[in-house]
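What follows is a set of notes on a single structure, which appears directly below.
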Amino acid sequence: MLNRTLGTTGPQVSALGLGCMGMSALYGDADRAESIATIHAALDAGVTLLDTGDFYAMGHNEMLIGEALRTAPAAHREKALTSVKFGALRDPDGGWSSYDGRPAAVKNFAAYSLQRLGVDHIDVYRIARIDPGVPVEETVGAIAELVEAGHVRHIGLSEVGADTLRRAAAVAPVTDLQIEYSLISRGIEAEILPTARELGIGVTAYGVLSRGLISGHFGRDRQLAANDFRGMSPRFQGENLQRNLDLVDALRKVAEARGATVAQTAIAWVLAQGDDIVPLVGARTRERLAESLGALDVPLSADDLAAIEAAVPADAAAGDRYPTEQMAHLDSER
């Protein structure tokens, strides 16, 4: 396994991290036994970074990871690093309301996460979306106090813009910014990524396969379950879906010429954007995990990158990456 360092102040982690959300929520039903087996396979392959959110199925995902860590070989368990998002407020029916970044809430969320994960510290802790009613300085300051107390090792952020990134970094060292980044989600390149690099902040890129859209496995006639978030995602709707899958068809030709799968090519492209970027792959099965890990064996030449860019130009995607009401919560889109 190749390794990368999260920013100038963060830990060394595997070059690919495992995003565990889909094992509990938002992509339809998942197989618990297969999910745990997939986490174990990832750890066995040298993946060290496990990403979750305390609100993924209202704590279910953290408990799943906790079970996987308890049942993993000690050597793997000791190397595993947890990256946790907090702050999203849910209701008993699974609905979403807002985000809570008050210092007292930050510490409360952390207490529950530590218990569910079964760990004595969280390696990287971040609010999922900025609470507009609480200055980011106060939220980050509360995480810094958790760092001082030994409950958290590093401070992260999620989906924030360049100005917020600067304000947060002025309070305490920020290890990484978690944000969507893929061939069809390149909004960070203009201002956010340069600012992160200026400040020595790494990037953990989620959505590198755009929730399966550019994985090469999503068909035009695929029917999504009622509990699958993608059923409400603009990029998976009507003409948007058709246009986006046309991009995938173009990418497939490049991938086949390279002797790789579409997913591997898309992941390899993100890996090639800088050693300060760690892609998170959302594999829910051992089969998909193995395919994703194969991206590490797909070095891309300048000609390869040019061919990929020609197949999927920047800003070619049709549709926003979230529904309108969720886009409003993204500080990174302002």
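For LEU81, the criteria (1) of a type outside the set (Phe, Trp, Tyr); (2) under 16 Å from the mean Cα position of the chain (by Cα); (3) under 23 Å from MET1 (Cα atoms); (4) open to solvent by less than 20 Å² (accessible area, probe 1.4 Å) hold in every case but one, which is (4).
In this structure, GLU34 does not qualify as touching a residue at least 12 places away in the same chain (Cβ under 8 Å), in a helix (DSSP H, G or I) and either more than 29 Å from SER233 (Cα to Cα) or open to solvent by less than 30 Å² (accessible area, probe 1.4 Å) (or both).
Please find, among ASP123, ASP131, the residue that is part of a strand (DSSP E or B) and either under 26 Å from ASN227 (Cα atoms) or in contact (Cβ under 8 Å) with a residue 40 or more places away in the chain (or both). Let's see the steps before the verdict.
Values: ASP131 fails: part of a strand (DSSP E or B).
The conditions single out ASP123.
Residues in the stretch 52-61 that are open to solvent by 10 Å² or more (accessible area, probe 1.4 Å) and either touching a residue at least 60 places away in the same chain (Cβ under 8 Å) or in a loop (DSSP other than H, G, I, E, B) (or both): how many?
Applying the first criterion (open to solvent by 10 Å² or more (accessible area, probe 1.4 Å)) to the stretch 52-61 yields 54-58, 60.
Cutting the leftovers down to either touching a residue at least 60 places away in the same chain (Cβ under 8 Å) or in a loop (DSSP other than H, G, I, E, B) (or both) gives us 54-58.
Adding up the residues that qualify gives 5.
Every residue, every condition in (1) surrounded by 14 or more Cβ atoms within 10 Å (Cβ to Cβ); (2) aromatic (Phe, Trp, Tyr); (3) assigned to a loop (DSSP other than H, G, I, E, B); (4) out of contact with any Leu (no Cβ under 8 Å at 6 or more places or on another chain), yes or no:
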position: ALA295; (1), (2), (3), (4): yes, no, no, no
position: ALA310; (1), (2), (3), (4): no, no, no, yes
position: HIS329; (1), (2), (3), (4): yes, no, yes, yes
position: SER332; (1), (2), (3), (4): yes, no, no, yes
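Report yes if some residue within the stretch 142-154 is open to solvent by less than 30 Å² (accessible area, probe 1.4 Å) and in a strand (DSSP E or B); otherwise report no. Give the derivation first.
Quick first cut of the stretch 142-154, residues open to solvent by less than 30 Å² (accessible area, probe 1.4 Å) only: 142-144, 146, 152.
Checking the rest, the ones that are also in a strand (DSSP E or B) come to 152.
Yes, that holds for at least one residue.
Close contacts from the stretch 260-278, counting a first residue that is more than 13 Å from GLY202 (Cα to Cα) and a second that is hydrophobic (A, V, I, L, M, F, W, C) and in a strand (DSSP E or B), with Cβ to Cβ under 6 Å and a gap of 6+ residues or different chains, come to VAL270/ALA205. Pairs linking a residue in the stretch 322-334 that is more than 19 Å from GLY133 (Cβ to Cβ) to a residue that is of a type outside the set (A, V, I, L, M) and open to solvent by less than 20 Å² (accessible area, probe 1.4 Å), with Cβ atoms under 8 Å and 6 or more positions apart or on different chains, are TYR322/SER233; PRO323/SER233. Assigned to a strand (DSSP E or B) and either open to solvent by 40 Å² or more (accessible area, probe 1.4 Å) or touching a residue at least 24 places away in the same chain (Cβ under 8 Å) (or both): which single residue out of LEU89, LEU69, LEU64, LEU43 fits that description? Criteria check complete, one pass: LEU89.
Once the stretch 264-286 is narrowed to residues that are open to solvent by 20 Å² or more (accessible area, probe 1.4 Å) and over 17 Å from VAL312 (Cβ atoms), the residue that is farthest from the chain's Cα centre (by Cα) is ARG286. Considering the stretch 170-212, and only residues there that are surrounded by fewer than 20 Cβ atoms within 10 Å (Cβ to Cβ) and charged (D, E, K, R), the residue that is farthest from TYR27 (Cα to Cα) turns out to be GLU198. Figure legend. Inter-residue proximity from the stretch 300-312: first residues in contact (Cβ under 8 Å) with a residue 60 or more places away in the chain, second residues among the β-branched types (Val, Ile, Thr) and open to solvent by less than 40 Å² (accessible area, probe 1.4 Å), beta-carbon distance below 8 Å, spacing 6+ or different chains. Indicated pairs: ILE308/VAL254; ILE308/THR265; ALA311/VAL254; VAL312/ILE184; VAL312/ILE214. Beta carbons closer than 9 Å, at least 6 apart along the sequence or on distinct chains, pair a first residue in the stretch 93-112 that is more than 19 Å from ASP123 (Cα to Cα) and modelled with pLDDT under 95 with a second that is open to solvent by 20 Å² or more (accessible area, probe 1.4 Å) and among the polar types (S, T, N, Q) for GLY94/ASN227; TRP96/GLN326. Selection of the stretch 297-308 for residues being surrounded by fewer than 21 Cβ atoms within 10 Å (Cβ to Cβ) and either outside any loop (DSSP other than H, G, I, E, B) or touching a strand residue (DSSP E or B) at 6+ places or on another chain (Cβ under 7 Å) (or both) yields ASP297, ALA302, ASP303, ASP304, LEU305, ALA306, ALA307. Please enumerate the residues belonging to the stretch 213-263 that are open to solvent by less than 60 Å² (accessible area, probe 1.4 Å), at pLDDT 90 or above and small (Gly, Ala, Ser). SER215, GLY216, ALA250, ALA255, ALA260, ALA263 - these are the residues of the stretch 213-263 that are open to solvent by less than 60 Å² (accessible area, probe 1.4 Å), at pLDDT 90 or above and small (Gly, Ala, Ser). The numbered conditions (1) touching an Asp or Glu at 6+ places or on another chain (Cβ under 9 Å); (2) among the β-branched types (Val, Ile, Thr); (3) free of Cβ contacts under 8 Å to residues at least 40 places away in the same chain are all true for THR82 except (3).
The values are calculated or read from the model by the stated rules, or taken from the named source; none is laboratory data. Keep in mind that what you see is a predicted model, and the values were worked out from it rather than measured. A quick note on method: Cβ atoms are made from the backbone with ideal geometry, for glycine too, and the neighbour counts reach across all protein chains shown. With ligands, DNA and RNA removed, areas are computed over all heavy atoms of the protein, side chains included. Shrake-Rupley method; radii C 1.70, N 1.55, O 1.52, S 1.80 Å.
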